[in-house]
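Heads up: the structure comes next, in structure tokens.
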Amino acid sequence: MIGLASGLKIFLCTQPADMRRSFDGLSGMAVNIIERDPTSGHLFVFRNRNRDRLKILYWDRDGLAIWYKRLERGTFQFPSDLIDKDKRSPRAEISSEQLTLLLGGIDLRSVEHRKRYRHPNKPR
């Protein structure tokens, strides 16, 4: 699996992607839909219409790389799948913990976040 360093941003494309797309096609979606630079070092997550395939595009020091997963049974659930289609944004940002849950098949609706102290002057 991809190493998830702290400070890493993870962007979801909430619109289904054609899984025949490769580096150039997914990079174009990152620029045009997610509105981020694919060479930024962050992760860009795409899923197909049936939600059983997922690709992650990322910059790996000297070039783009793609991580691809196909489920034999079940589907991936993006957090945006829980929002009405008309109100849905074409992009979303999630944490590395949420990505781990998503890849592990955890229903994000059932996850309860416990209260934690946050320093008022320091960002998360």
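Exactly one residue out of Glu112, Glu72, Glu93 is assigned to a loop (DSSP other than H, G, I, E, B), modelled with pLDDT under 95 and more than 20 Å from Met19 (Cα to Cα): that is Glu112.
Taken over the range 64-77, the criterion of being without any contact (Cβ under 8 Å) to a residue 60 or more places away in the chain and either surrounded by fewer than 17 Cβ atoms within 10 Å (Cβ to Cβ) or among the charged types (D, E, K, R) (or both) is satisfied by Ala65, Ile66, Tyr68, Lys69, Arg70, Leu71, Glu72, Arg73, Gly74, Thr75.
The values are calculated or read from the model by the stated rules, or taken from the named source; none is laboratory data. The structure presented is a predicted model; accordingly, all values stated were derived computationally and were not measured. Ideal geometry is used to build each Cβ from the backbone, glycine not excepted, and the neighbour counts take in all protein chains shown.
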